[in-house]
Amino acid sequence: MSALQHFQALANGVLIFHFSIVTFVVGGLVLIVVGNLLAWSWVNSLWLRLAHLGIIAVVVAESWLGMTCPLTTLESWLRGKAGLGAYDQSFVEHWAQRVLFYDAPSWVFTTVYTIMGICVAAVWFWFPPRIRRDTKKTKGPGTV
């Protein structure tokens, strides 16, 4: 495998990871609401909910600060190192990028990300995460 192919493979990996994060944020919100309506307790796992809230908080902060997502920057840099042009991509790459990247003014993205962040925060309060507490009592010294 040549160096160019390594860079292309890394760029594809970043794209897939980026797409997975988007899917986690959007699909996770739906899953948390539906899961609570169907009484699935696992959707309120503290780690799941913290990861979900944390990711959308970063996305909203980036958009309000006018920052480009570091994953987008990394993928673009890797594609440049691979010598890829705008149309030099596989079918999967082409469609994954079309789903992730739209041609719209930046205020549209900031608005969408902010609304998504508000929805995630609202779901956090409507369906609070479950904090596991150890229900076993430990016996102290000298107790039977």
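The values are calculated or read from the model by the stated rules, or taken from the named source; none is laboratory data. Since we're looking at a predicted model, the values are computed, not measured. Ideal geometry is used to build each Cβ from the backbone, glycine not excepted, and the neighbour counts take in all protein chains shown.
For segment 31-50: of the residues being in a helix (DSSP H, G or I) and of a type in the set (G, A, S), which is surrounded by the most Cβ atoms within 10 Å (Cβ to Cβ)?
Filtering segment 31-50 for residues in a helix (DSSP H, G or I) gives 31-37, 41-44, 46-50.
Now narrow it down to the ones that are of a type in the set (G, A, S): 35, 41.
Values: G35: 17, S41: 9.
Going through the qualifying residues, I end up with G35.
With respect to being under 21 Å from A121 (Cα atoms), modelled with pLDDT of 95 or more and surrounded by 17 or more Cβ atoms within 10 Å (Cβ to Cβ), G28 fits the description. Entry remark, segment 1-17: residues being surrounded by fewer than 12 Cβ atoms within 10 Å (Cβ to Cβ) and touching a Gly at 6+ places or on another chain (Cβ under 8 Å) number 0 in total. Considering segment 74-97, and only residues there that are modelled with pLDDT under 85, outside any helix (DSSP H, G or I) and surrounded by 11 or more Cβ atoms within 10 Å (Cβ to Cβ), the residue that is nearest to the chain's Cα centre (by Cα) turns out to be Q89.
May I ask you to say which residue of L71, L53, L100 is under 18 Å from the mean Cα position of the chain (by Cα), at negative phi, surrounded by 15 or more Cβ atoms within 10 Å (Cβ to Cβ) and modelled with pLDDT of 95 or more? Outline the logic, then answer.
Details: L71 fails: modelled with pLDDT of 95 or more; L100 fails: modelled with pLDDT of 95 or more.
Sole residue among the options that is under 18 Å from the mean Cα position of the chain (by Cα), at negative phi, surrounded by 15 or more Cβ atoms within 10 Å (Cβ to Cβ) and modelled with pLDDT of 95 or more: L53.
Within segment 113-120, the presence of at least one residue that is under 30 Å from G35 (Cα atoms) and either exposed (fewer than 12 other Cβ atoms within 10 Å of the Cβ) or modelled with pLDDT under 80 (or both) is confirmed.
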